[in-house]
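Novice: Okay, here's the structure, questions in a sec.
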Protein chains: 2
Amino acid sequence: MADKAVPDIVVGRLPIYLRALTYLKADNREITSSQELGDRLGISSAQIRKDLSHFGEFGKQGTGYDIAHLERNLKAILHVDRMWDVVLVGAGDLGHALAAYRGFAGRGFRIAAVFDKDPAKIGKPIGNDLVIEDVATLADRVREQGWQIAIIAVPADQAQLVANTLVQAGIRAILNYAPITLMCPSGVRVEQIDPAAHLQHLTYYLG
Amino acid sequence: MADKAVPDIVVGRLPIYLRALTYLKADNREITSSQELGDRLGISSAQIRKDLSHFGEFGKQGTGYDIAHLERNLKAILHVDRMWDVVLVGAGDLGHALAAYRGFAGRGFRIAAVFDKDPAKIGKPIGNDLVIEDVATLADRVREQGWQIAIIAVPADQAQLVANTLVQAGIRAILNYAPITLMCPSGVRVEQIDPAAHLQHLTYYLG
DNA sequence: ACGAATTTGTCAATAGTTGCACAAATCGCA
DNA sequence: TGCGATTTGTGCAACTATTGACAAATTCGT
Ligand SMILES: NC(=O)c1ccc[n+]([C@@H]2O[C@H](COP(=O)([O-])OP(=O)(O)OC[C@H]3O[C@@H](n4cnc5c(N)ncnc54)[C@H](O)[C@@H]3O)[C@@H](O)[C@H]2O)c1
Ligand SMILES: NC(=O)c1ccc[n+]([C@@H]2O[C@H](COP(=O)([O-])OP(=O)(O)OC[C@H]3O[C@@H](n4cnc5c(N)ncnc54)[C@H](O)[C@@H]3O)[C@@H](O)[C@H]2O)c1
């Protein structure tokens, strides 16, 4: 079955499937099944089959899925069969952790540049081989490099400002760590990470 | 209308509502409406009213919601009208950022202790006033202190091991930063944060 | 070569979520 | 006081997501 508007919730599960496949491959496994994937991910096998069926037929009846083949296909579907440059704004504690994070490379991402506003930080090294740049030059650099993805790791009261600059400069996808809901024009996608919100979700269930 | 199994997806939105209320209060606002909240959060006003109606009647027709009152009620519903101790396992780059993070306190959480396995790190200060402890003592300390919530920030290949230890010791809620799906007994809730998965969700929509 | 065991992809049924629309309540102001 | 403007809480309808079930395809052991 081919594409006509795949539900966003399905798209959100694909990276999880891809992650699981990568671990299976690292374990020298060649074949898996929707049953096995589901058991590992706490998802029903029917859901996995249904999700994948939005994009094509990747399995073989009686056998299951060739891990390398499905991995390759999921990477193509998610457009991570290439390397994406990501701009990081905010070089505080979190920004330093993200700039140094080794987990992005294997999944299609590279922190291409880091920007901060603090004169004491500008010019300092960060991550593997980057130097913190002045946020005043952010818009020009984004336009010049054609970067499309940004991570925001500045204080909450600066986040909307930074987002506006990024959007003006042509950024089309933002991963926001500031604990505030960003207002962006449609056409710009935003994903949010807020650990305190996750913790509060958990405490609801703790008497 | 009172409680009979509130949908998890509704619970997950409450921290977002709470966060928005806190900003409104900081702005010296006293009253808001489902309309205003919805506009700020990109959610329909009907959904906000319906979500809140699972827990009681907090608004006043014709007027809206008293911000301080609704905030107090949401905190009670989420059980963050108290301070929770959180155990952090893993004192790498991310662990250091989390240990130093100022954003937890105002939302009901305190990093109570940090554990690592690396002898070079054990005994070193971290965060405001903590010292990195030996992960070998983790289980005993969790039992002794009665901690119920943990954050896992160790490498992926260690995360399940650490989770098992935590669960054995009585932890009931885990926020997992390792990019792997944890298998935990029912009764233990797990939330996952995986920035690469979020980025891949975004790249799906970038041609 | 054949039957038992797997496993996919999909249809149909079930379950869950969101949005509409409106009565009832409240407010502000003339 | 009374009227128009708001805004809530909710029943109901529309929409979306998940699960169950099974024919068809494939494998494997005898
Ligand atoms: N530290 C964590 O573990 C953590 C976890 C989750 C979310 N967050 C959130 O991530 C954001 C960053 O957290 P942090 O702990 O790194 O904070 P931080 O204060 O250590 O760092 C913020 C950095 O942003 C820079 N900055 C401020 N305004 C800027 C601007 N307009 N343009 C560019 N740079 C600017 C500051 O100079 C500073 O270097 C915050 O919104 C925080 O709430 C942090
Ligand atoms: N750095 C980031 O920005 C980032 C972002 C998202 C997710 N993550 C994930 O979070 C985890 C930690 O990331 P990091 O960058 O801090 O890695 P890191 O390698 O800097 O730190 C990992 C720490 O865990 C400790 N450790 C290893 N095994 C342990 C065990 N069994 N018990 C206790 N401690 C143990 C190590 O000694 C080290 O101090 C990883 O799973 C990573 O994939 C990191």
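Novice: Run through every distinct alpha carbon pair of chain A and return the Kirkwood hydrodynamic radius in angstroms, one decimal place.
Specialist: The answer is 19.1 Å.
Novice: Still on this model: Within the stretch A:1-90, report the trypsin sites (Lys or Arg not before Pro) that DSSP leaves as loop and that have at most 13 other Cβ atoms within 10 Å.
Specialist: A:Lys4, A:Arg29, A:Arg82
Novice: Now for a different question. Counting pairs of alpha carbon atoms under 8 Å apart in space and at least six apart in sequence, what relative contact order in percent does the stretch A:84-198 give?
Specialist: Taking the mean separation of contacting Cα pairs over the length of the stretch A:84-198, I get 23 percent.
Novice: Dipole magnitude of the stretch B:8-77 about its Cα centre, charges +1 at Lys/Arg Cβ and -1 at Asp/Glu Cβ only, in debye to the nearest 20?
Specialist: 80
Novice: So what is the relative contact order of the stretch B:8-77, in percent, for Cα pairs below 8 Å that sit 6 or more residues apart?
Specialist: Reported relative contact order: 38 percent.
Novice: Then there's this: If you average the sequence gap of Cα pairs under 8 Å that are 6 or more apart and divide by the length of chain B, what percent do you get for the contact order?
Specialist: 13
Novice: Further question: Please report, largest first and rounded to whole Å, the three semi-axes of the ellipsoid equivalent to the stretch A:84-198, where each semi-axis is the square root of five times an eigenvalue of the C-alpha gyration tensor.
Specialist: Those come to 19, 16, 15 Å.
Novice: Could you give the longest part of chain B that holds none of the GluC sites (Glu not before Pro) found in DSSP loops with at most 16 neighbouring Cβ atoms within 10 Å?
Specialist: Between exposed loop sites, the widest span is B:58-207.
Novice: Ignoring ligands, DNA and RNA, what accessible area per residue does the stretch A:84-198 give at 1.4 Å, in Å²?
Specialist: In whole numbers, the stretch A:84-198 has 43 Å² accessible per residue.
Novice: Ordering B:Phe109, B:Phe55 from largest to smallest accessible area (1.4 angstrom probe), what's the sequence?
Specialist: Sorted descending by solvent-accessible area, the residues read B:Phe55, B:Phe109.
Novice: Quick one: which residues, 5 or more positions from A:Lys124 or on another chain, have an amide H under 5 Å from its amide H? H modelled 1.01 Å from N in the peptide plane, none for Pro or chain starts.
Specialist: A:Ile132
Novice: A follow-up question, please. For A:Lys25 and B:Asn128, FRET efficiency with R0 = 41 Å and r from the beta-carbon atoms, rounded to 0.05?
Specialist: Between B:Asn128 and A:Lys25 the formula returns 0.45.
Novice: Okay, next question. Can you work out ³J(HN,Hα) from phi for every residue in the stretch A:115-124, in order, using Karplus 6.51 cos²θ - 1.76 cosθ + 1.60 and θ = phi - 60°, giving whole Hz and x for Gly and Pro?
Specialist: 10, 9, 9, 6, x, 5, 9, 4, x, 6
Novice: So which DSSP H runs in chain A come out at 20 Å plus along the axis (Cα) with average Kyte-Doolittle of at least -1.0?
Specialist: A:8-26
Novice: I would also like to ask the following. Normalized C-alpha radius of gyration of the protein assembly as shown, against 2.2 N^0.38 Å?
Specialist: Compared with the compact-globule rule of thumb, the protein assembly as shown sits at 1.01.
Novice: Pairwise over distinct Cα atoms, reciprocal of the mean inverse distance: report the Kirkwood radius of the stretch B:107-163 in Å, one decimal place.
Specialist: 12.3
Novice: So which of A:Lys124/B:Lys121; B:Lys25/B:Lys75; A:Lys25/B:Lys117 end up more than 23 Å apart by C-alpha?
Specialist: A:Lys124/B:Lys121; A:Lys25/B:Lys117
Novice: Let me ask something additional. Pop the C-beta distance of A:Leu206 and A:Val6 into the FRET formula with R0 = 30 Å and round what comes out to the nearest 0.05.
Specialist: 0.25
Novice: How much of the accessible area of the stretch A:84-198, in percent, comes from carbon and sulfur atoms when a 1.4 Å probe is used?
Specialist: Carbon and sulfur: 53 percent of the exposed surface of the stretch A:84-198.
Novice: Something else now. To the nearest 20 Debye, how big is the dipole of the protein assembly as shown about its Cα centre, given +1 on the beta carbon of each Lys and Arg and -1 on that of each Asp and Glu?
Specialist: Once rounded to the nearest 20, the dipole reads 500 debye.
Novice: Whole Å is fine, so just give me how far the alpha carbon centre of the stretch A:141-155 lies from that of the stretch B:165-181.
Specialist: Comparing the Cα centres of the stretch A:141-155 and the stretch B:165-181, I get a distance of 33 Å.
Novice: Please identify every one of the trypsin sites (Lys or Arg not before Pro) in the stretch B:97-139 that sits in a loop by DSSP and has no more than 10 other beta carbons within 10 Å of its own beta carbon.
Specialist: B:Arg102
Novice: A further question follows. Per-residue mean of other chain beta-carbon atoms within 10 angstrom of the beta-carbon, peptide B:173-186?
Specialist: Taking all residues of B:173-186 together, the mean is 3.
Novice: Another question, then. Please average, across the residues of B:187-198, the number of beta carbons from any other chain that are within 10 Å of each residue's own beta carbon, and give a whole number.
Specialist: Mean shielding by partner chains, rounded to a whole number: 6.
Novice: Would you tell me the mean number of C-beta atoms belonging to other protein chains that fall within 10 Å of each C-beta in B:152-164, as a whole number?
Specialist: The per-residue average across the peptide is 1.
Novice: Please report, to one decimal in angstroms, the Kirkwood hydrodynamic radius of the stretch A:8-77 built from all distinct Cα-Cα pairs.
Specialist: 11.9
Novice: With +1 on the Cβ of every Lys and Arg and -1 on the Cβ of every Asp and Glu, and nothing else charged, how large is the dipole of the stretch A:14-166 about its Cα centre, in debye rounded to the nearest 20?
Specialist: Charge dipole of the stretch A:14-166: 340 debye, to the nearest 20.
The values are calculated or read from the model by the stated rules, or taken from the named source; none is laboratory data. Bear in mind the structure is a predicted one, so any value in this text is a computation, not a measurement. Reconstructed Cβ throughout: ideal geometry from the backbone, glycine too, with neighbour counts over all protein chains shown. Heavy atoms of the whole protein, side chains included, go into the accessibility calculation; ligands, DNA and RNA do not. Shrake-Rupley method; radii C 1.70, N 1.55, O 1.52, S 1.80 Å.
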